[in-house]
Amino acid sequence: MAPLPASSASPPSAAAVAALAALTAVHASTAGVVMAAPVPAPAAGAVDADAGAAAAPPTMMHAPLTAWPSEVRAEAYDTAVAVTPALNRLVHALAADTPFLSKHLNEVSKGDDFTRRLLALHTSPAVPLPSPLPPAFRAAPPAALGLYRYDYFMQAPPPPGSPPAPTVCQVELNTMAASFGCLGARVRGVHALTVAAGLGPSGVTADDLPANDVEARLAAGLAAGHAAYIADDRSRGLDGGLPALPVVVVQPGERNVYDQTLLGLALLRATGGAVPLQRLSLAQLSAWGTLDATTNALVVRLPTDEASAAAVAGAGGQWATSITAYRVSVAYFRAGYTPDDYPTDAEWAARAALHASDAIAVPTVGVQLVGTKKVQQVLTSAGEVERYLGPAESAEVRTTFMPQLSLAPGPEGDANAATAVADPDAWVLKPQREGGGNNLYGADVAAALRRMDPVERGGWVLMRRILPVRVPNVVVRGGRGQPAEVVCELGVFAVYLARAGGEVTINEASGTLLRSKLADVEDGGVAAGVAVLDSVRLVR
Ligand code: ADP
Ligand code: MG
C-alpha cells in the first residue's frame, strides 16, 4: 500500500481507502478499540446492569475511528494541557461553594426538573447522625476524587488585522462519566503503527504523536482513592470488617462497556490484582445496597441465587467473584448524568444513599452541578473565575473561553435572546443536559427562543458558535472507509485527589482523547453515533 496524500486536494483512490479501512478495523479490534454490538434493550425494571448483553454471549465490534491521527496545533494542545490543574482546582472550589451553586441553579431549576432534584440533594440537610455517634462512624468520605475531561475545539488563528479570538476554545467541562479514555489511548497505538508503516499521510511519523497514558493515569487515580479509603479504615480500626471495593456505576445494557472493562483491567494491573472494579447499575445499588448504621458505609450484598448471579456477571465482567458482600470504597459514575438514568425512584434512592454514605463519589453531586451548562456560562462572566483562581491562572483559563450568555427571565435574558434570534448562526443553544445531541443550532435556535416562555428559557444558555479547523481524514465504520473533512474535539483527561484535611495529592492532566466528526455535522459524541475516535498528531 502506498502512503496516502495528506491533502483533500488529491483524494486517495477508492481501492487505497478500502484497504486502509480494512486494516484499521482489524488492528483496532485486536488492540481493544471495541464496543459491544447492539443488543436488545433490557426489560423495563430489570435489576441487571448488562441485561440483554448478559443473556447473549458478549459480542464486540470495532469502535468507529479515523484511519490516521488528525493534526492539532501544538500550541493549542499545550495550552489545553497546561490549564488542567487550574481547572481541577476551580471545579473543586465551586463544588464547595453551595451559595454560588444555589444562586445560579435555583433559577435554572424552575425550568429544569433534573437540575432541581440534584440541587435539592446537594443542599439537603445532612442525615441526622446517630446519637451517641458510634466510634467507627464516618460522616463524610475520607477523600475527594475527580476523574474529569475538559473538551476543546481548535479554531484557526484570526487573519492579521482582525480582532483577537481564542485558537483553543473550551466546549465544556465534563465533570461526570467522561468516557472513551481507554479506547482513545489505544487508538493512538493503532495510529502510531499505521504511520510508522508508511500508510498514513506522507511526511507523518510516529514521533508526531504525543504519549497518551490515560488508561494507567485513570486507574492510578482510582487506586489512590481506594487506598485513601483503606488508610482511613486502618486509622479507625475498621479494617477487620467487610472488604471494601471500588464500584463503577453503569447504565444497563450500554454499548461502551469495554472502555470500562479496560479501566478495570488497568486497575488490576496497577494493584497487582488486589483491587477489582465492580460493575453495578443504580437499580442494582438500590436493590442490594444498604447504609450501615455503625460505619455509614454503603454495603452491597449480592444475591446468590443462580439467575441473579448470571445478571451480576454481565458483559463487563466481575472480578471479585468470591466476594458477595462488600463496602463501596469509591463509586465511579459512568451513569447518572441524564434523567434517563433515573427511570424510577429506586435509582434516585441509590443516588441519595451514595450521597449520604462514606463512599468516595466520583463525582459528588456538587461536582456534577459544577458541570452544568449554566455554571459554565456564569464562569465566562467577568470576575467569576477570579473569585477562585489567582490573576495569572484566571487569565490563562480565560484565553480558552468563548462568550456565553444567560437566558434567565428578565431584561438581560430578553436582550440576550434577541441577540441570538437576530443572528442565530453565531450561537449554540444549550440545555442542562450531557451526552451529546441536545444542543440547537441555526434556525432551530431562533425558533426555540421564540417559542419558549421565560422560565423554560432560563433552563438554557447561549454559547458563541465555534468554527473548528477542518482537516482531511478517512472515517472507518464497520470496516468501511469514507474520506472526509473532519473537525476534531480535543478532550484532556484530568485526575484530582484531595484528602479530607484538604491536602491535594494528585492534580494533573492525565492524557487526551481526540474525537472527530464530519465537518458539516453539528452535534454529538461517539456514543451518540456521530463522532469517531481519533488521535493527536502535533504540528508546530
Ligand atoms: P454535551 O454535554 O451534550 O456533550 P457539549 O457542550 O459538549 O454538550 O455539546 C455537544 C457537542 O455540540 C460538542 O461535542 C460539539 O460538537 C458541539 N458544540 C458544543 N458547543 C459548541 C459551540 N460553542 N460551537 C460549535 N459546536 C459546539
Ligand atoms: Mg460534550
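The values are calculated or read from the model by the stated rules, or taken from the named source; none is laboratory data. The shown structure was predicted, so the numbers you read here are calculated from the model rather than taken from an experiment. Quick reminder, even Gly has a Cβ in these numbers, built from the backbone with ideal geometry, and neighbours come from all protein chains shown. Note: areas computed on protein heavy atoms with side chains; ligands, DNA, RNA excluded. Shrake-Rupley method; radii C 1.70, N 1.55, O 1.52, S 1.80 Å.
Condition check for Tyr496 on (1) farther than 27 Å from Gly146 by Cα; (2) touching a helix residue (DSSP H, G or I) at 6+ places or on another chain (Cβ under 9 Å): one failure, at (1).
Which ones in region 3-46 are part of a helix (DSSP H, G or I), modelled with pLDDT of 95 or more and crowded, with 17+ Cβ neighbours inside 10 Å? Hits for region 3-46 are Val17, Leu20, Ala21, Leu23, Thr24, Ala25, His27, Ala28.
Evaluate region 123-143: report whether one residue or more is in a strand (DSSP E or B) and either open to solvent by 10 Å² or more (accessible area, probe 1.4 Å) or away from ligand 2 (no atom under 16 Å from the Cβ) (or both).
yes
In the set Ala185, Ala177, only one residue is modelled with pLDDT of 95 or more, crowded, with 24+ Cβ neighbours inside 10 Å and within 16 Å of ligand 2 (Cβ to nearest atom); that residue is Ala177. Taking region 188-237 as the range and being surrounded by 16 or more Cβ atoms within 10 Å (Cβ to Cβ) and without any contact (Cβ under 8 Å) to a residue 12 or more places away in the chain as the test, the residues that pass are Ala227, Asp233. Taking region 147-198 as the range and being assigned to a loop (DSSP other than H, G, I, E, B), away from ligand 1 (no atom under 13 Å from the Cβ) and β-branched (Val, Ile, Thr) as the test, only Thr167 passes. Only one of the numbered conditions (1) without any contact (Cβ under 8 Å) to a residue 12 or more places away in the chain; (2) open to solvent by 60 Å² or more (accessible area, probe 1.4 Å); (3) closer than 15 Å to Val367 by Cα is violated by Arg117, and that is (1).
Picking from residues in region 379-424 that are over 28 Å from the mean Cα position of the chain (by Cα) and of a type in the set (A, V, I, L, M), the one that is most open to solvent (accessible area, probe 1.4 Å) is Ala422.
Of the residues Val476, Val469, the single one that is away from ligand 1 (no atom under 16 Å from the Cβ), touching a residue at least 24 places away in the same chain (Cβ under 8 Å), more than 12 Å from Ala408 (Cα to Cα) and surrounded by 18 or more Cβ atoms within 10 Å (Cβ to Cβ) is Val476. From the set of residues in region 519-540 that are open to solvent by 50 Å² or more (accessible area, probe 1.4 Å) and of a type in the set (A, V, I, L, M), which is farthest from ligand 1 (Cβ to nearest atom)? For region 519-540, the residue satisfying everything is Ala527. Across region 425-466, what is the total count of residues that are among the aromatic types (Phe, Trp, Tyr) and either open to solvent by less than 10 Å² (accessible area, probe 1.4 Å) or within 16 Å of ligand 2 (Cβ to nearest atom) (or both)? The qualifying residues number 2.
Among the residues of this structure, Leu119 counts as one that is assigned to a helix (DSSP H, G or I) and under 30 Å from Asp292 (Cβ atoms).
Scanning region 467-507 for residues being within 16 Å of ligand 2 (Cβ to nearest atom) and outside any strand (DSSP E or B) gives a total of 0. What about Asp414, is it farther than 30 Å from Ser124 by Cα, modelled with pLDDT of 95 or more and within 12 Å of ligand 1 (Cβ to nearest atom)? The answer is no for Asp414. Within the set Gly253, Gly240, the sole residue that is assigned to a loop (DSSP other than H, G, I, E, B), free of Cβ contacts under 8 Å to residues at least 24 places away in the same chain and of a type outside the set (A, V, I, L, M) turns out to be Gly240.
Condition (residue is away from ligand 2 (no atom under 16 Å from the Cβ), at pLDDT 95 or above and open to solvent by less than 60 Å² (accessible area, probe 1.4 Å)) applied to region 371-378: is it met by at least one residue? Yes, some residue in region 371-378 is away from ligand 2 (no atom under 16 Å from the Cβ), at pLDDT 95 or above and open to solvent by less than 60 Å² (accessible area, probe 1.4 Å). Looking only at residues of region 486-518 that are crowded, with 24+ Cβ neighbours inside 10 Å and of a type in the set (S, T, N, Q), we find that the one that is farthest from ligand 1 (Cβ to nearest atom) is Ser510.
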